[in-house]
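Visitor: Pasting a structure here, questions to come.
Computed from the coordinates by the stated procedures, all read-outs in this text should not be read as laboratory data. On a predicted model such as this, the values are computed, not experimentally measured, just so you know. No Cβ is skipped: glycine too gets one built from the backbone with ideal geometry, and neighbour counts run over all protein chains shown.
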Amino acid sequence: MPETPDSPVTRKSSITQHTLSLGEQQISYTAIAEWQTLFEDEKPVAEMFHVAYLADVKEASQRPLTFVFNGGPGAASAYLHMGALGPKRVYFGGNGSLPKPPVRVVDNVESWLSFTDLVFIDPIGTGFSRSLPQDKDDRDKHSEKTNTPEADKPKEIEFWEVERDLKALGEFIQRFLSGHKRWLSPIFIAGESYGGFRVARLARKLQQEFGVGLSGAILISPALEFSLLEGSDYNLTAWATLIPSFAAAAAHHNRVQWAGEPGDLQAHIAAAERFARATLIPLLAMGDTVTSDERQIAYQQLAGLIGLPVKLVEKQAGRISIEVFARELLRDEERIVGLYDASITAIDPFPDRITYQGSDPTLDGLDRLFTGAINSHLRDTLGVETDLSYHLLNLEIFKAWKFDLKGEFKQGFLGSVDDLRAGMALNPYMQVYIAHGLFDLVTSYFASKHLADLMKLNPEIRPNLSVKYFQGGHMFYTWDESRCSWLAQMKAFYQNATV
């Protein structure tokens, strides 16, 4: 990519050639791993690391181009990069189980490179992305040190805020399109978890403020409205949107009173959806006006659907948190289920304690896999030379992130669905795809399904929005069957979005 005339040359780009074998199809592509400078008032303020995979074709400008990022906030793009979309991926067990060490990296025959070029972006403070010192002397000193050690890193906290983060992504996308002459390509954005929140916001912002037209937006296990992430005595809907995922997980472990034929997962979660909307929300909303008999009937229904004892459901007054569910579902076996994938279980290290005090097996257990995989891929396969540490999940960012409402008044909760609605109305050709794992308790599939039903989309654009779910958890693509099914759906989605 051409250098910006006044940008400091602080790090070395890596450009390598590769071939991806997909059965009879051979895809030759160029991998570009480099830092792109970001500016504030025409002064360099940060360097955003990214990896681009560009197929070697004659009419590159006609090929779809997808910008990809993860969430957190504080997560690098390695999860989608090495988990599902890139030409290489981490090896998992068939149903997303964690394999024993050492890490295995394999060719990804389900890579999206078969139908789109890919650009994986690491937001500032994640991966190898860093802010730059603002004092001129410090900046000159920084430029001389092409591989600045961690001890010399500048402060990056100004980027750890909702609007500044979106602005950085928008600027990056603009500059990438200019540098690679891709303004006329069909452009897509894809984000996971908080990255889905980013996608929903950018669906409007990219088009309205940066002049980037979108062919499609892909939201993977997204957190769309923060009010649905935390229930309370007064915020009722959050409790209801969890119930279908509880029911799916409990059914997976065969702990339920089946709503339909035994083993019919779809019928069971459909019953849980109906219960959540038609019974639980009214029950919670009516408070003390509900009779004890009515309340008891509802508690018994809920207990049967989600596999917990009636006495526990009654004690929780129908408000079951993800922590309580994960601890209690298999407590008689002294095992807990994962928060991000409740199909996965682990030994409870402290079974006699009142609250669970171990680690979540579906988040903490992944670090060793993705850290090893991304470092090997970047440094060995792609030839990136740097002494920087790759920040896979920077908890410092997560703790320091500013959810500033910027004048919005939404009772302290940020949301993104309004922006998604506005973006879809602004561009009635943009296709939107939301995907979830059934067993994800953190960003439940039913929350997105519920929100989609409340969006009041015009009949002209309502067919542009799809909500799908798969076997698996937050990273459902670690399941072989789900990853293959998702690939087939995404091929059709891209085809529909670009005809």
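Visitor: Express in nm, to one decimal, how much length is gained between Q26 and E333 on full extension, taking 0.36 nm for each residue of separation and deducting their alpha carbon distance.
Guide: Net length gain for the segment: 105.6 nm.
Visitor: Have a look at the DSSP beta bridges in the chain and tell me what percent are antiparallel, nearest 5.
Guide: 60 percent
Visitor: Provide Rg over Rh for segment 353-499; use the alpha carbon set for both Rg and the Kirkwood Rh (inverse mean inverse pair distance).
Guide: My calculation puts Rg/Rh at 1.02.
Visitor: Rounded to whole Hz and in sequence order, give me ³J(HN,Hα) for segment 301-314 from the Karplus expression 6.51 cos²θ - 1.76 cosθ + 1.60, θ = phi - 60°, writing x for Gly and Pro.
Guide: 4, 4, 4, x, 6, 10, x, 10, x, 4, 4, 5, 4, 5
Visitor: Binning at 5 angstrom from zero up to the longest distance, how are the C-alpha pair distances of segment 421-499 distributed in percent?
Guide: Pairs per bin, as whole percents: 3, 15, 23, 20, 20, 14, 6, 0.
Visitor: Over all directions, how big on average is the projection of the convex hull of the alpha-carbon atoms in segment 231-347, in square nanometres?
Guide: Average of the hull's projected areas for segment 231-347 equals 6.8 nm².
Visitor: Follow-up question, since we're still on this one. By how many nm would the segment from D367 to I354 grow when fully extended, if each residue of separation counts as 0.36 nm and the alpha-carbon distance is taken off?
Guide: Result: 1.9 nm gained on full extension.
Visitor: Considering only DSSP states other than H, G, I, E and B, which GluC sites (Glu not before Pro) in segment 187-274 qualify as loop sites with at most 14 other Cβ atoms within 10 Å?
Guide: E230
Visitor: Also, quick follow-up: Relative contact order, percent, of the chain when contacts are C-alpha pairs under 8 Å separated by at least 6 residues?
Guide: 20 percent
Visitor: Something else now. V199: net charge of surrounding residues, Cβ under 12 Å, Lys/Arg +1, Asp/Glu -1, itself excluded?
Guide: +2
Visitor: Charges at C-beta only: +1 for Lys and Arg, -1 for Asp and Glu. How large is the resulting dipole of segment 231-347 about its Cα centre, in Debye rounded to 20?
Guide: So the magnitude is around 80 debye.
Visitor: For the Cα atoms of the chain, what angle does the longest principal axis make with the long axis of helix 265-275, in degrees from 0 to 90, nearest 10?
Guide: In the chain, helix 265-275 runs at an angle near 70 degrees to the longest axis.
Visitor: Using only alpha-carbon positions, what ratio does the radius of gyration of the chain give when scaled by 2.2 N^0.38 Å?
Guide: 0.99
Visitor: Continuing with the same structure: List the chymotrypsin sites (Phe, Trp or Tyr not before Pro) in segment 26-133 that DSSP assigns to loop (not H, G, I, E or B) and whose Cβ has at most 13 other Cβ atoms within 10 Å. Which are they?
Guide: Counting only loop positions with at most 13 other Cβ atoms within 10 Å, the chymotrypsin sites (Phe, Trp or Tyr not before Pro) in segment 26-133 are Y91.
Visitor: Distance cut-off 30 Å, Cα to Cα: go down the list K58/K88; K88/K456; K88/K181 and report the pairs above it.
Guide: From K58/K88; K88/K456; K88/K181, over 30 Å: K88/K456.
Visitor: Which ordering of V106, V199 is given by a fewest-first count of other beta-carbon atoms within 10 Å?
Guide: Ascending number of Cβ neighbours within 10 Å: V106, V199.
Visitor: Here is a further query. Quick query: amide H of R130 versus all other amide H atoms, modeled in the peptide plane; which residues come in under 5 Å with a sequence gap of 5 or more or a different chain?
Guide: E47, F49, G125
Visitor: Let me ask another. Which of the peptides 438-447, 473-482, 424-433 is most tightly packed, and how do the rest follow, going by the mean number of other Cβ atoms within 10 Å of each residue?
Guide: 438-447, 473-482, 424-433
Visitor: Same structure, new question: For the Cα atoms of the chain, what angle does the longest principal axis make with the long axis of helix 445-454, in degrees from 0 to 90, nearest 10?
Guide: 90 degrees
Visitor: In addition: Hey, fewest Cβ within 10 Å first, where do E34, E47 land in order?
Guide: E34, E47
Visitor: Which whole-Hz couplings ³J(HN,Hα) result when phi for each residue of segment 114-121 is put into the Karplus expression 6.51 cos²θ - 1.76 cosθ + 1.60, θ = phi - 60°, listed in order with x for Gly and Pro?
Guide: 5, 9, 7, 6, 10, 10, 9, 10
Visitor: Using a cut-off of 10 Å between beta-carbons, work out the net charge of the residues near S129 (Lys and Arg +1, Asp and Glu -1, S129 not included).
Guide: Residues near S129 contribute -2 overall.
Visitor: Filter the trypsin sites (Lys or Arg not before Pro) in segment 1-110 down to the DSSP loop ones having no more than 10 other Cβ atoms within 10 Å, then list what survives.
Guide: Hits after loop and neighbour filter: K58.
Visitor: Turning to a different aspect of this structure: Which percent of the Cα-Cα distances in segment 1-103 go past 20 Å?
Guide: Across segment 1-103, Cα pairs with separations above 20 Å total 56 percent.
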